[in-house]
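The values are calculated or read from the model by the stated rules, or taken from the named source; none is laboratory data. All values reported here derive from a predicted model rather than from experimental measurement. FYI the Cβ positions are ideal-geometry reconstructions off the backbone, even for glycines, and counts take in every protein chain you see.
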Amino acid sequence: MPEQELALPTAWGQLAGTLLLPDSRPPWPAALLIAGSGPTDRDGNNPLLGTRIDNLKRLAHALAARGIASLRYDKRGVGASVYPGLSEDALRFEHLVDDAVALAGLLAQDDRISRLALVGHSDGALIAALAAQDAPVQAVVSIAGAGSRASALMRRQMTDHLPQDIADPALAALDALEAQRPIEDVPDALFLLFRPTVQPYLISWFRHDPPAVLAELHVPVMLVHGAADTQVGLEHAQWLQAGKPDAKLEIVPGMDHLLGVGGDTRRGADVVGGAVAAWLQELDVDVAA
């Protein structure tokens, strides 16, 4: 299956990714694969994880084996998506949405592509849903997406894992950021999480409620969630479906947040790829009919 390096010049630098095409003859359905939070590259690797997982790369190959083209890309400022002079305090969540819209527009201009879906993993699922409001796409797939605001997910994690003397100011900080107010005096124990330069990004991220975003979409939606996801529990998929009742829900037994089944991301990516490919091909049949 041939891979092609792709670069899209932008006002700030470039977005770079890998286009993976099936061996079959075009036209093909295609997926724009959107990575989750942090400095995650096109293949799904994040230095904070301490090891390579290649879950998005493996998902791309699982899709290609089933006749689905894909483009996976480095987020702005990561890998080959070079952003000279990028400053943390200037970044907003909506900038990541803009990048997905731009790349979707590029794919939509390719005559070899018959139908385009945005496929987001983790926080990339919210990016996909927001981008679908402006991008020329026909479907959205949420993989391990949160069904609540990011601040609500963080609040639960802090309540469960932080000692009360740290949790109390942390929760107060979340309350302020949710209300779109910056925090002037950040306690030393919380400085890394709520440093002033990251607060504008958090404020922009916290304003989006995933079920409400899905409710606004007029394209088919698929929700894929692992039954063994301890980071974003299965209830999140149910909350997302409450926002979009006609969404197709696919629960993958034994799969964790990073698409691992028994720790094997190749296995999980293949299961997810098979389910997503089958659904996209069903949509093509429906359109043809």
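Quick notes on this structure:
- Selection of segment 25-67 for residues being closer than 17 Å to Met255 by Cβ and of a type in the set (Gly, Ala, Ser) yields Gly36, Gly44, Ala62.
- Among residues of segment 185-216 being of a type in the set (A, V, I, L, M) and within 23 Å of Ala247 (Cα to Cα), the one that is surrounded by the most Cβ atoms within 10 Å (Cβ to Cβ) is Leu214.
- A search for C-beta distances below 7 Å between a residue of segment 139-158 that is buried (at least 24 other Cβ atoms within 10 Å of the Cβ) and any residue that is hydroxyl-bearing (Ser, Thr, Tyr) and outside any strand (DSSP E or B), counting only pairs 6+ apart in sequence or on different chains, returns Ala144/Ser122; Gly145/Ser122.
- Test: residue in segment 63-82 that is in the same structural domain as Val141 (by TED's automatic domain parsing), within 15 Å of Leu15 (Cα to Cα), in contact with a Gly (Cβ under 7 Å, 6 or more places away or on another chain) and surrounded by fewer than 18 Cβ atoms within 10 Å (Cβ to Cβ): yes
- Residue in segment 118-133 that is farther than 19 Å from Phe93 by Cβ and in contact with a Pro (Cβ under 8 Å, 6 or more places away or on another chain) present: no
- Within segment 231-269, tally of residues that are acidic (Asp, Glu), free of Cβ contacts under 8 Å to residues at least 60 places away in the same chain, outside any loop (DSSP other than H, G, I, E, B) and over 28 Å from Asp41 (Cβ atoms): 0
- Of all residues making up segment 100-130, the number that are under 19 Å from Ser81 (Cα atoms), in contact with a strand residue (DSSP E or B) (Cβ under 8 Å, 6 or more places away or on another chain) and in a helix (DSSP H, G or I): 9
- Looking only at residues of segment 14-61 that are more than 19 Å from Gly273 (Cβ to Cβ) and either part of a strand (DSSP E or B) or not assigned by TED's automatic domain parsing to the domain that holds Gly79 (or both), we find that the one that is farthest from the chain's Cα centre (by Cα) is Gln14.
- Residues being within 15 Å of Gly79 (Cα to Cα) and part of a loop (DSSP other than H, G, I, E, B) - total across segment 1-11: 0
- When Ala135 is tested against the conditions (1) in a loop (DSSP other than H, G, I, E, B); (2) of a type in the set (A, V, I, L, M); (3) at pLDDT below 95, the lone failure is (3).
- The residues of segment 149-177 that are over 19 Å from Arg92 (Cα atoms) and outside any helix (DSSP H, G or I), listed by number, are Leu162, Pro163.
- Filter pass, Asp185 being more than 22 Å from the chain's Cα centre (by Cα), among the acidic types (Asp, Glu) and assigned to a loop (DSSP other than H, G, I, E, B): yes
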